[in-house]
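Engineer: Below you'll find the structure I mean.
The values are calculated or read from the model by the stated rules, or taken from the named source; none is laboratory data. Everything numeric in this text was worked out from a predicted model, so none of it was measured. No Cβ is skipped: glycine too gets one built from the backbone with ideal geometry, and neighbour counts run over all protein chains shown. Surface areas here come from the heavy atoms of the whole protein model, side chains and all, with no ligands, DNA or RNA. Shrake-Rupley method; radii C 1.70, N 1.55, O 1.52, S 1.80 Å.
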Amino acid sequence: MESTQPSFLLPDYLVLAAVLLCSSLIGLYYRFSGGKQKTQREYLLADGGAAIIPVAFSLMASFMSAITLLGVSQENYTYGTQVLQCRNMQESCHVLFPSL
């Protein structure tokens, strides 16, 4: 059998460039649009208008991103299961959210 190396072709580079350009433009728009959020309290807690549970779930979702889940799956596949992983995640959540 003939082995082939996967490689990016021109359409792949064009899609990648378009995604990066769109993400950059969205970031620049919100950076220079003069948003209201100036302090950490305004950014994280909507200036006191957000309850603790939605904020906690938002932080948990950003902490456990899709890349993290995919990376953990790959490590489990490559190096075997890690028995203490669940316990480490519980401890991490306890450190991040001590009031829950």
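Engineer: How much solvent-accessible surface does Phe97 expose, in Å² to the nearest 10, with a 1.4 Å probe and all protein chains in place?
Structural biologist: My reading of the accessible area for Phe97 is about 20 Å².
Engineer: Leaving ligands, DNA and RNA out of it, report the carbon-plus-sulfur percent of the accessible area of segment 1-78 at a 1.4 Å probe.
Structural biologist: Carbon and sulfur atoms account for 67 percent of the accessible area of segment 1-78.
Engineer: In addition: Quick check: pseudo-label points 7 Å beyond the Cα along Cα→Cβ at Ser23 and Phe8, how many nm apart are they?
Structural biologist: 1.2 nm
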